[in-house]
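See below for the structure under consideration.
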Amino acid sequence: MTVVAAFGEPVAQSGQSRKNKARTEKQTVKNTKKRQTRKTGTKAVKKAPESKAELQRRQQAAQAEIAETRRKIKENDRQVSRNLAELGKLQGDIETAKRQVAATRNQVTTLQNRIGTLEGKIAQGDKEVARMRGEYLKAVKAVRKRKGSNSTLAYLFSSKSFGEARRRMRYLREFSEWRKKQTDEIQNELNVLNRERAALAQSRDMYGKALARNVTAQKQLETQYSKQDAIVVQLKANGSALKTHLAQKQQEANALKGRVAALIAAEQRAAEQREAERLAAEKRAAEQRAAEEKAARDRELAMTPKPGKAEGAKEPAKEKPKETKAKEQRKRRPKQPKQAAPKQQPKQEKTEPQKNAGNSGREYVEARNRRPRASAPSGSSSASASGSKPAGGSNFASMRGSLPRPVGGAFNITSRFGPHSLPDLPDVVYDNPGIDAEVARGATAQAVYAGKVSGVYMIPGFSTVVIVNHGGYYTVYGNLASASVKVGDVVKQGSAVGRVADSEDSPGHGQIHFEVWKNRDKQDPLAWIR
């Protein structure tokens, strides 16, 4: 077997090699013919140049194809934007439905506990009424047994003595009072039982309604979850478009955030500069007052004669005959008879006008220069560092959780504050510096608190933006079709700041963007509005 196999293998290999050789020759002939055909074709046939009309047709076709591609991209982007807006509203509805489900569940549990308590009270009341009735019947039977078949009068007159008759009368009176009291107590207990039975029936009715509301809320929540899942599937199908859209949206949000932060920083720098100028002006005024006081003291000292030179004091009187009588009297005082001890008495007397002059000059300077500084608050340095403080601005912090909404009427949140990912898409994150809400079409944006308009800008993605300063706090109103205020205007709470632009994602509605800042720190607007 081995020999046959050894000799048979070369025979098989030689047959296979002949077949491969024939196949290779056929392929070589075909390739040669193709090359000859291409060579002859290129030499014999020359491609005719395209006409101008054909070039135009090709250009138009290419432009149409490009336009169609752009249209599809734009429509895809709009679809993604609409889906995101719808998803945001659904998330808000889901949160509301969750709260409703939790509230109805708590109500059902409370009613269940109340029903159990009432049933226990009713059972206990029935036992108590049965006990009271048993004791009542037992006491009545005992009295009847003691009286026998006699009437009340016969029972009294059958007494053996007057004292026994009195005791029997008192006994009958007390028994009658006890019967009345027992009857009233039983009746009161029955009334309580009737009220508890009525409350039990009402609680059971409320329990049934609450249970029905809970079931309805659960079904609504499941429906909303189904819609959310369907939208998430569509967004996943447009993954690249979704990421592109959110990247552009994030870029626009960052631009708005940068503009607001730059405005706040500029106002703070201006406030710090004003504070520095105020302090420098106060310092210069203080130095000027000190110089004036020193000059006044020097003049007083120059006009005061030294002791022992009374004769020399006459010469100025001759040179200046127009001096006042007061000065002449001061100069003549050293000529008085000298005493042993009080040599410095004239000098002390002459320093009194000097003090009075200094005090009067200081009071005048204070009346001129210190009055505006006295009206400034003690903490003006720190307050000015955060910008100019409008009227009532210091109370903005106390309004946390009670500010009105920036738009009256419908206000449905479509995008919440801060970084958040989409359901089932943890890698897709959007950091919102504020909140976005769907409102009525053509609604008016209103200032949530009194303040001063610091900026009015046009920012891509947010249309017209109005920024209001509330004294260290700022509110931002974006996506406005037009502004009704200008920089420097003072607004009150509820004053119109602009008209809300129409929503591209939800036809027939408007959409507003709202932010709250504390100096340069972003705040969650939902924590401030009610």
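Here are a few things to note about the model shown:
- Test: residue in the stretch 445-453 that is over 21 Å from the mean Cα position of the chain (by Cα), of a type in the set (A, V, I, L, M) and surrounded by fewer than 23 Cβ atoms within 10 Å (Cβ to Cβ): no
Residues are listed down the side, and each one gets a yes or a no for (1) farther than 30 Å from ARG71 by Cα; (2) in a helix (DSSP H, G or I); (3) at pLDDT 85 or above:
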position	(1), (2), (3)
ARG213	yes, yes, no
LYS243	no, yes, no
GLN250	no, yes, yes
ALA266	yes, yes, yes
ALA270	yes, yes, yes
ALA285	yes, yes, yes
LYS294	yes, yes, yes
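Residue-wise test of (1) under 17 Å from GLY125 (Cβ atoms); (2) of a type in the set (Asp, Glu); (3) assigned by TED's automatic domain parsing to the domain that holds ALA123.
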position	(1), (2), (3)
ILE186	yes, no, yes
GLU189	yes, yes, yes
SER203	yes, no, yes
GLY208	no, no, yes
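- As a summary of the residue check, TYR136 satisfies the conditions (1) modelled with pLDDT of 75 or more; (2) over 30 Å from LEU193 (Cα atoms); (3) among the aromatic types (Phe, Trp, Tyr) except for the one numbered (2).
- Qualifying position, being polar (S, T, N, Q) and free of Cβ contacts under 8 Å to residues at least 60 places away in the same chain, among SER495, SER506: SER495
- Meets criteria (over 18 Å from the mean Cα position of the chain (by Cα) and among the charged types (D, E, K, R)) for LYS486: yes
- Looking across the stretch 246-269, not a single residue is without any contact (Cβ under 8 Å) to a residue 40 or more places away in the chain and under 14 Å from TYR473 (Cα atoms).
- All positions within the stretch 229-241 that are in a helix (DSSP H, G or I) and surrounded by 15 or more Cβ atoms within 10 Å (Cβ to Cβ): ILE231, VAL232, GLN234, LEU235, ALA241
- Note on the stretch 401-448: enclosed strands (runs of 3 or more DSSP E) holding 2 or more residues that are closer than 21 Å to VAL497 by Cβ and of a type outside the set (Val, Ile, Thr) are 412-415, 435-440, 444-446.
- Unmet criterion (only one of (1) touching a residue at least 60 places away in the same chain (Cβ under 8 Å); (2) more than 15 Å from PRO406 (Cβ to Cβ); (3) part of a loop (DSSP other than H, G, I, E, B)) for LYS522: (3)
- Candidates GLY461, GLY442, GLY418, filtered to the one that is on the phi > 0 side of the Ramachandran plot, in contact with a helix residue (DSSP H, G or I) (Cβ under 6 Å, 6 or more places away or on another chain) and not assigned by TED's automatic domain parsing to the domain that holds GLU86: GLY461
- Across the stretch 250-278, the qualifying residues are those that are buried (at least 16 other Cβ atoms within 10 Å of the Cβ) and hydrophobic (A, V, I, L, M, F, W, C), and the one among them that is farthest from GLY418 (Cα to Cα) is ALA271.
So that you can scan it fast, the table gives a plain yes or no per residue for (1) over 17 Å from ALA210 (Cα atoms); (2) in a helix (DSSP H, G or I); (3) assigned by TED's automatic domain parsing to the domain that holds GLN218; (4) without any contact (Cβ under 8 Å) to a residue 60 or more places away in the chain:
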site	(1), (2), (3), (4)
THR69	yes, yes, yes, yes
ILE73	yes, yes, yes, no
GLU86	yes, yes, yes, no
ASP93	yes, yes, yes, no
ALA97	no, yes, yes, no
ASN113	no, yes, yes, yes
LEU118	yes, yes, yes, no
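- Among the candidates TYR155, TYR171, the residue that is in contact with a helix residue (DSSP H, G or I) (Cβ under 6 Å, 6 or more places away or on another chain), aromatic (Phe, Trp, Tyr) and at pLDDT below 80 is uniquely TYR155.
One line per residue, one yes/no per condition, for (1) touching a Leu at 6+ places or on another chain (Cβ under 9 Å); (2) modelled with pLDDT under 95; (3) buried (at least 24 other Cβ atoms within 10 Å of the Cβ):
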site: GLY455; (1), (2), (3): yes, yes, no
site: THR464; (1), (2), (3): yes, yes, no
site: HIS470; (1), (2), (3): no, yes, yes
site: LYS486; (1), (2), (3): no, yes, no
site: SER495; (1), (2), (3): no, yes, no
site: ALA501; (1), (2), (3): yes, yes, no
site: GLU504; (1), (2), (3): no, yes, no
site: ASN519; (1), (2), (3): no, yes, no
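- Taking the stretch 92-112 as the range and being within 17 Å of THR223 (Cα to Cα) and in contact with a helix residue (DSSP H, G or I) (Cβ under 8 Å, 6 or more places away or on another chain) as the test, the residues that pass are ASP93, ILE94, ALA97, LYS98, GLN100, VAL101.
- Among the residues of the stretch 367-386, at least one is in a loop (DSSP other than H, G, I, E, B) and either at pLDDT 50 or above or within 22 Å of VAL260 (Cβ to Cβ) (or both).
- Top-ranked residue in the stretch 454-476 [being over 17 Å from ARG400 (Cβ atoms) and in a loop (DSSP other than H, G, I, E, B); ranked as farthest from the chain's Cα centre (by Cα)]: PRO460
- Qualifying residue in the stretch 493-510 (condition: within 19 Å of the chain's Cα centre (by Cα) and on the phi > 0 side of the Ramachandran plot): yes
The values are calculated or read from the model by the stated rules, or taken from the named source; none is laboratory data. If you're wondering where the values come from, they're calculated on a predicted model, not measured in any experiment. Glycine also receives a Cβ, built like all others from the backbone with ideal geometry; neighbour counts cover every protein chain displayed.
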